[in-house]
Amino acid sequence: MSTDTLVLSSNLESYLPLINKGKVRDIYSLNPSTLLFITTDRVSAFDVALATGIPSKGAILTLLTAHWSTVLKTTIPGLLTHVQTLALPPSIPPTLHSTHAPRAMQVRRLVPFKIEAIVRGYLTREAWDSYQRDRTVCGIAIPHPGLKERAPFPDGPLCTPSTKANVGDHDEDISEARAAELVGGVEYADRIKELSLAIYRAAHAYAWARGLVLADTKFEFGRDVATGEVVLADEILTPESSRFWKRETYAVGGDGGGGEEEGCDKQFLRDWLVEEGLQGKERVVLPVEVVRGTEERYRECFRRLVGREVEEVVGGEV
Ligand code: ATP
Ligand code: MG
């Protein structure tokens, strides 16, 4: 796979029905219980799509999601994920395999719960701003004065649900009561929260041992209509859905940024957009150094967590 090859659209409509073109993923229907996810190199930030893609990103996100699915299922008893196989279905002709194989994943078709489950382990970004304002984070009181920026939450990670915005809208923090309404009951909301915190804790320990600090992340879950099971869906603990800091430069407090600027995630790209006054603008073209800087951060995230280069893993087991 050449790092200069960008796949911004999967164009498999001649072979399978396309049911959704998200900001990043093209989703095809394989059969009533299975979807084919193609994660393209498209990138979005602040809920809008940018004009430029990030090379290798689709493969990195796909293979990392598969890796985490395997790791988490062996660590957390009873956890179900939507990941089924990285194989392309026989309906896709072999001539298209090299382009799509690294970014394809068959997943269990679910009815997505209409919330995002955000788990935060550290006082950073909007959580830090809000703590400084009134010592709360997303409406949750933090009864500990004097905490410094990037400190871990003394009472453990927080699960803070948000809405899943429709196109053009922004996600909003919501109360647990509103989350329960949106997911169809307190039982589902409690299960989502319990699983989200268990996954965060397991992933934090796994990443820590490999030189990364999992600062925060976002999970999506879905319900299997046939069985009623709550299943972890969408992308899992990627540099797009999470903030990962390098352990060696992570520091609490101080003015130097505590290593956040070296994070192995999308924050670098978001920060550039903010500095340029381009936050939330549609179809922004990225300069080559921002593309390369983002790609390298995603690669470093993969390298540390999987222990190999993405090219070494394509076509094999993660
Ligand atoms: P949007 O769909 O609003 O554009 P997005 O840009 O995050 O959001 P993508 O990440 O490109 O979308 O596509 C993933 C979509 O698929 C999300 O809407 C997600 O909720 C949905 N999804 C994830 N896993 C499953 C699953 N197993 N079954 C059904 N839908 C899923
Ligand atoms: Mg998404």
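Quick notes on this one:
- Matching option when the condition is away from ligand 2 (no atom under 16 Å from the Cβ), without any contact (Cβ under 8 Å) to a residue 24 or more places away in the chain and more than 30 Å from K148 (Cβ to Cβ), among V288, V314, V274: V288
- Meets criteria (touching a Gly at 6+ places or on another chain (Cβ under 6 Å) and of a type in the set (S, T, Y)) for T65: no
- When residues in region 12-32 are screened for being more than 26 Å from E312 (Cα to Cα) and either more than 11 Å from ligand 1 (Cβ to nearest atom) or loosely packed, with under 13 Cβ neighbours inside 10 Å (or both), 12 of them pass.
- Residue match in region 232-252 (condition: at positive phi, among the small types (G, A, S) and either touching a strand residue (DSSP E or B) at 6+ places or on another chain (Cβ under 7 Å) or away from ligand 1 (no atom under 15 Å from the Cβ) (or both)): no
- Scope region 92-104; condition assigned to a loop (DSSP other than H, G, I, E, B) and exposed (fewer than 12 other Cβ atoms within 10 Å of the Cβ); matching residues: P93
Table: residues versus (1) within 16 Å of P112 (Cα to Cα); (2) at pLDDT 95 or above; (3) within 16 Å of ligand 2 (Cβ to nearest atom); (4) out of contact with any helix residue (DSSP H, G or I) (no Cβ under 7 Å at 6 or more places or on another chain).
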position	(1), (2), (3), (4)
D4	no, no, no, yes
V7	no, no, no, no
L16	no, yes, no, yes
N20	yes, yes, yes, yes
R25	yes, yes, yes, yes
N31	no, yes, no, yes
L35	yes, yes, yes, yes
I38	no, yes, yes, no
R42	no, yes, yes, yes
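- Checking each residue of region 59-76 against the condition of being in a loop (DSSP other than H, G, I, E, B) and not assigned by TED's automatic domain parsing to the domain that holds I192 gives at least one match.
The values are calculated or read from the model by the stated rules, or taken from the named source; none is laboratory data. Remember, it's a predicted structure, so these values are computed and weren't measured experimentally. Neighbour counts are summed over all protein chains in view; Cβ atoms, including those assigned to glycine, are modelled from backbone coordinates with ideal geometry.
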